[in-house]
Structures are given as C-alpha cells and as structure tokens.
Amino acid sequence: MTKQGPNPEQVRAALERVVASPGFAEAGRLPTFLKYLVETELAGERDRLKESVLGVEVFQRDAGFDPRTDPIVRVEARRLRSRLEEYYAGSGKDDEVRLLLPKGGYVPVFETARPADAPSKQAEALTPMPKGWRLAAIIAGLAAAGILLGYLQSTYMKKIRQAPAATVAVMPFANVGGDPENEYFSDGLTEEIIDRLGRVPGLKVVGRSVMAQFRGKNASLDEIASRLGASVVVEGSVRRQGERLRVVARLAKASDGSSLWSQTYDRRMKDVFAIQDEIAQSVANALRVQVRGEGAASPPRRTTQNIEAYNLYLRGRQQANLYSADGMRRAIGYYQEALKLDPEFAPAQAGLSTSYSIAGYYWLLPAAEAWPNARAAAQRAIALDPTLGDAYASLGLGLAFYEWNWSEAEASLRKAIEVDDSSAIAHGVYAGTVLLPELRLDEADREFKKALELDPVLSFVNFTYAFALQAAGRYEDSIQQYKRTIELKGIHPDMYWDYGMALGFAKRYGEAREAMRKSRQERGEKSLELRGLEAFFAGDVNTARRDAPLVEKAAIEGREQKMDTARLWAMLGEKDKALEWIGKAIDVREPQAIWVLADPRFRSLRGDPRHDALVRRVGLVPHKRAD
C-alpha cells in the first residue's frame, strides 16, 4: 500500500513553524528560499526548480545568470539543508510533517514522521519469535551504538559551541586594476565586512586600523597569526569597472593557509550590500557560528540602498581617516553630498558629526558653525539608528568640547559603550573627552587601555593616551607611548609637537628640538626655527621669553589661540598673564579651554583661587596642586 503524504495545508503549516523558529528567523534569505521551493512544488511547477531559474527569481541575479560562474544557489542550498537538519534535531524534533531538501537537486520532499513510540509492524512480528533473539540483540546493539554516537556528537557540538570565540582578521581587500580612484571602495568594502562580522556573537574581529598596517605588504598568514592572535583570515580582492563589480573572497586557517571557504561574486554595483552580507554569513557558517545568536534579533543597522550615496560615504570616511585639515574639509563635503541623496543614511550623519567636531576643535571651521552642525547630525543619526554607537560618541564629543556639558557628554559616551562595547573609538573618546579633562586619571587610564586592547593602532587613541600620561606627570612613560604612536600612519602633526613637549618636561632638550622641527615640517612651515613654547621645551628659555609679546599680538589678531598664549606665560612663570589669557579663551569658548585643568603646562596654577574660578567656568571641579 502506498504511503500517504501530508496534504498542502499540513505542508504550509509545517513551513510556517520552520521559518518562525529562532534558527531560521535570523538566517538571512533562507526563509524566502525555502518558501519559494515549497510553494513552487505545491503549485506543480517543478520545472522552475532549476538552478538557472532560482538564481534569477530568488537571488535577484540578472537574466544572463550563469550557475557555472556564480554558485550562489548551490551555496544557499547547502546552508538550507544544514539549517533544516539542525531544526529537526532540535526544536522541530517532534514535528509531524517534515520538509526535506535531498542532495543533488532543488525539489523539496514532504514527509509525515512516524511517532517515536509507535512500534513498527516489523518489530511486532519479531517480538513473539523465540529464535529472533539474535536479530533482536543485533538491533539492540545497533540502537545502543546509535545512542552512544548521538551522545558523542552532541557532546562534541556542545564543546564547539562552548569553545573560545574564533579571532578573525579581515585583510585589506586588494584594489585589482590599480585605479587609485577605486582605492576608497576596496577600503570601504573591507571596513563594512569587519563591521558586519563584529556584530556576530561568537566571533572576535581584529579592528580595522590594526589591519591597515598590512596594506600593500605581502605578510604571511603565519606572521598575521603571531602578531594578531588570529585563528582565521579573510582576504580578497575587488575589481570595479563602471557598474560591474567582481569580488573574490577567501576564508583561510592562519595556521596552515588551508581554505575553509572561498567565493567569487560577479555582480552589479547595486548588489554590493548583498555581497557584504553574504561574505559575513558565509564566514559565520564556515566557523559554525549562528549569526546574531539565538533569541530576539537585534535591530538592523541603518544603511542606504542608494549606491551613489554609499560611494560618497566611503569617500568621506577615507578622507576623515587622513586626519588632516584638507581631509576633514573634503570629508564634510562628501558626507553632505551623500545625505542629499539619502537624508536617512545614519552612518553618514554620524560621520558628518564627527568631522564637524574635529574641524571645530582644530580651528578649521568657526566654532559657531562647527558645533551646532555636529550636534544636529549626531542627534539625527541617533534618531535614525539608536544602535549606532558612533552616533552617541559623536554627540558626546560635541557636548564635551563645545557645550562643556560634562554630565550629558558622559551619559552619551557611556551609551556608546553600552550599545557597542567592542568599539575602541567609544572607549577612547570617553577617556579623552570626559575623563581626562576632568582629571579622573585612573579611570581614563583604564579606558585608554581598554581602547588599545581592542584596537592597538588607532592613532588618535594612542596620541591622546600619551598626552594623558603627561597630565599624570609620567613623562618617561609618555615618551615611550609617543614613540609607539610615531610608528603608526595617519598621525596628526600635533603629535610631534606634544612629543617634543614630553621630551622637554623630561629635560631631553636635544630630542625635543628635533621633534618640534619635525612638527613644523609636517605642518608645511617654511622655517624650521623654533619659536615661543617650541623654543622653551627645546631648552631655549630666552627665545621663548623674547617671542612672548609676538605670540600675544598674534592671539589678539586671531592668528594664534588664546590658550597657547596662556600656556607660554604659565611656563615662563607669569601667572597673572597666564590666568588673564585663560579667561579670554573661555570668554570666546575656545575648544582648547577644556584643558584648563588637565594640561600639564598649567600645573603650577592649580590651587590658585583665580584658577579654581576659571576651572568652574568650564564646568569642571578644581583640584589641588600636585606636588
């Protein structure tokens, strides 16, 4: 007698249970894929269940889709079979109707499972047979072996799940073709993949700036593994020709270089977001990690579907990472153009906010223009995506540097850490813009170390931590930290200046002179002759004193910051003039005024009631003079 299969209503009910399960709810396109297969089979249209058709109708490939060069359907089918097996081995083990996808094809099979406790007719026939004991013993033995194997497999899988998180290093994707115009795109693709993998529970991902040190170098996987502690490496290349895109990606063991997964994507530019998701998903699958874990899904990161807006965003991020005056100005322009095309692109809003903040701090834009725009962009980014840590960090930066609203700044930066504790930027900005200006040195030290543990080569964190060590009077430690920072790329010219200051405090005047000259050279100054504070820290006090009136005049004319004039007078021992110029800086809300308490050049002023009053004007709490 032919076995009766489930009816369409039973199949559809089973389908709904499967796709609503935790393992499928967060499985990307797998629920859509499964629904298509089931409904097409139920409709009697089996001729549409072919790889060439599925690629177009399910995975949005072009009409010319060729399965021989693009294995997307086969890859997703393997994922689907694996996910179904996991479902029926777990939460779906008692389902009466099962949906199966046999290997070698795309036609689903619908089965009615036999209740586990219902004896088969074969077993009933064997039970009363005295001479069947040998067969019964064999069956019992096989059953026992099956139970043992099942237990061992379960134990093995449990150990895998409980094993330490895999550490993934995403190498900078190579820009194939050599067109410098496309360099920003390959950089952006690398960073987006790092970001997506960083949100996968069970994976530890090496930070983007850490990986930047390997750009253009033929580092071996052994070297990467030893230097970064990575167990697996993602590497690849990008070729962009007009609207066509080819991305080659590979996941390899760092220990021996053997491939765990590889894929070539030949797509249109509009598919770049899908490519990023597929690479992250494939890496997670290869490492047997469930994307976003079990339970409720985290809100999706706000992105854009406008390719041109995305390109402009990548260009803006590339320019901002240069950390130069021209780079910040160009970054603001690119972010603004991206937001004209998609005003709801949250990461572009956050990037615009940070660029405005930095431009205002370094006098690249008037504070009255920079800070209000920075705050508005950060608030807009948060409204669009409350899970975007960079947006809270950008808001905290402005609240501290311009509004001097320290409690709200701290709350915003703590929120940035709460939504993304793995963000080195969030920890570093919290340390540098709240804890350090408030002279909470022990807390700042912990946050700086946490940031550098997450991302050891993030230049602004290294730079600011070195300054924090100066604020604590640890000049030799500061010097060593500056030396480590010098080895990094993308450092601001001020870093050399501050390095010279640390050397001057340590009375290493010859080295201080060279560092100050290097700072002038990096800023494009025509003369390498040291002036004012530069000369002071190089041991030339007479020149510093001679230049003081000229520095004052430049500050009056707006060519020099008032805080720098105050610093020079303080180091020359002229307290009255130093306090006068600090007051003038606060009057016009100079960004540098936030360092009135922490700046080591003002250490001699601490404890003076007039200095205490100035500290309070900035919203900070005075400290006694350190011995």
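Is the stretch 539-627 best put as rounded, prolate or oblate by its Cα gyration tensor, with a ≥ b ≥ c the root eigenvalues, rounded for a/c under 1.5, and otherwise prolate when a/b is larger than b/c, oblate when not? It would help to have the intermediate numbers written out before the result.
Working: a/c = 2.30, a/b = 1.30, b/c = 1.77.
Verdict is oblate for the stretch 539-627.
What is the local net charge at residue 38, summed over the other residues whose Cβ is closer than 11 Å to its Cβ (Lys, Arg +1; Asp, Glu -1)?
Working: positive: 12, 35; negative: 16, 39, 41.
Spelling it out: positives minus negatives among the neighbours equals -1.
Pairs 483/562; 553/575; 483/507; 35/103; 415/450; 450/518: which exceed 20 Å Cα-Cα? All intermediate terms of the calculation are to be shown ahead of the outcome.
Working: 483/562 29 Å; 553/575 18 Å; 483/507 17 Å; 35/103 18 Å; 415/450 16 Å; 450/518 30 Å.
Where the Cα-Cα span goes over 20 Å, the pairs concerned are 483/562; 450/518.
Over the stretch 362-485, average the accessible area per residue using a 1.4 Å probe and give it in Å², no decimals.
Ligands and nucleic acids excluded, the figure is 37 Å² per residue.
Using a 1.4 Å probe on the protein chains only, how many percent of the accessible area of the stretch 486-556 belongs to carbon and sulfur? Don't skip to the end; give the middle numbers.
Numbers: 1800 of 3710 Å².
Carbon plus sulfur share of accessible area: 49 percent.
In what sequence, highest mean first, do 600-607, 253-260 appear when ranked by Cβ atoms within 10 angstrom?
Output ranking for 600-607, 253-260: 600-607, 253-260.
Could the peptides 382-389, 261-268 be put in order, highest first, of the mean number of other beta-carbon atoms found within 10 Å of their residues?
Details: 382-389: 18.6, 261-268: 16.5.
Ranked from most to least packed, the peptides come out as 382-389, 261-268.
Summarise the accessible area of the stretch 291-432 (1.4 Å probe, protein heavy atoms) by the percent that is carbon and sulfur.
Details: 2920 of 5660 Å².
C and S fraction of accessible area: 52 percent.
Can you list residues from other chains, or at least 5 along the same chain, whose modelled amide H is less than 5 Å from the amide H of residue 166?
Sorted by chain and number, the residues that satisfy this are 204.
Tally Lys and Arg at +1 and Asp and Glu at -1 over the other residues with C-beta under 14 Å from the C-beta of residue 528: what net charge comes out?
Details: positive: 513, 517, 518, 520, 523, 526, 531; negative: 514, 522, 525, 529, 534, 540.
Here the charged neighbours net out to +1.
Roughly how many nanometres apart are two label points built 7 Å out from the Cα toward the Cβ at residue 95 and residue 244?
4.1 nm
Give me the one-decimal nm value for the distance between modelled label points at residue 43 and residue 379, 7 Å along each residue's Cα-to-Cβ direction.
Result: 5.0 nm between the two label points.
With a sphere of radius 15 Å drawn around the Cβ of residue 15, what net charge do the other residues whose Cβ falls strictly inside it have (Lys, Arg +1; Asp, Glu -1)? Each step should come with its number before you reach the end.
On the way: positive: 12, 17, 35, 83, 98; negative: 9, 16, 39, 41, 95, 96, 111.
That works out to -2.
With a point put 7 Å past each Cα toward its Cβ, work out how far residue 326 is from residue 486 in nm, to one decimal.
Between residue 326 and residue 486, the label points sit 2.5 nm apart.
How would you rank 364-374, 456-466, highest first, on the average number of other Cβ atoms within 10 Å across their residues? Before the final figure, lay out the partial values.
Numbers: 364-374: 18.3, 456-466: 23.3.
So the peptides 364-374, 456-466, ranked by packing, come out 456-466, 364-374.
To one decimal place, what orientation-averaged projected area in nm² is obtained for the convex hull of the Cα set of the stretch 478-531? Walk me through the intermediate numbers first.
Working: hull surface 14.3 nm².
Orientation-averaged projected area of the Cα hull: 3.6 nm².
Decide, for the stretch 529-574, between rounded, prolate and oblate: order the square roots of the alpha carbon gyration tensor eigenvalues as a ≥ b ≥ c, take rounded if a/c falls under 1.5, and otherwise choose prolate if a/b is larger than b/c, else oblate.
Values: a/c = 2.02, a/b = 1.54, b/c = 1.32.
In terms of gyration-tensor shape, prolate.
Once neighbouring chains are kept in place and the probe is 1.4 Å, which whole percent of the accessible area of the stretch 7-48 is contributed by carbon and sulfur?
Numbers: 1030 of 2010 Å².
Carbon with sulfur: 52 percent of the solvent-accessible area.
Efficiency by 1/(1 + (r/R0)^6): what FRET value for residue 307 and residue 35, r their Cβ-Cβ distance, R0 = 30 Å, to the nearest 0.05? Walk me through the intermediate numbers first.
Details: r = 28 Å, r/R0 = 0.94.
Calculated value: 0.60.
The values are calculated or read from the model by the stated rules, or taken from the named source; none is laboratory data. Every value quoted in this text rests on a predicted model; they were computed, and no experiment measured them. Glycine gets a Cβ as well: all are built from the backbone with ideal geometry, and neighbour counts include every protein chain shown. Just so you know, the surface numbers come from the protein's heavy atoms only, side chains and all, with ligands and any DNA or RNA stripped out. Shrake-Rupley method; radii C 1.70, N 1.55, O 1.52, S 1.80 Å.
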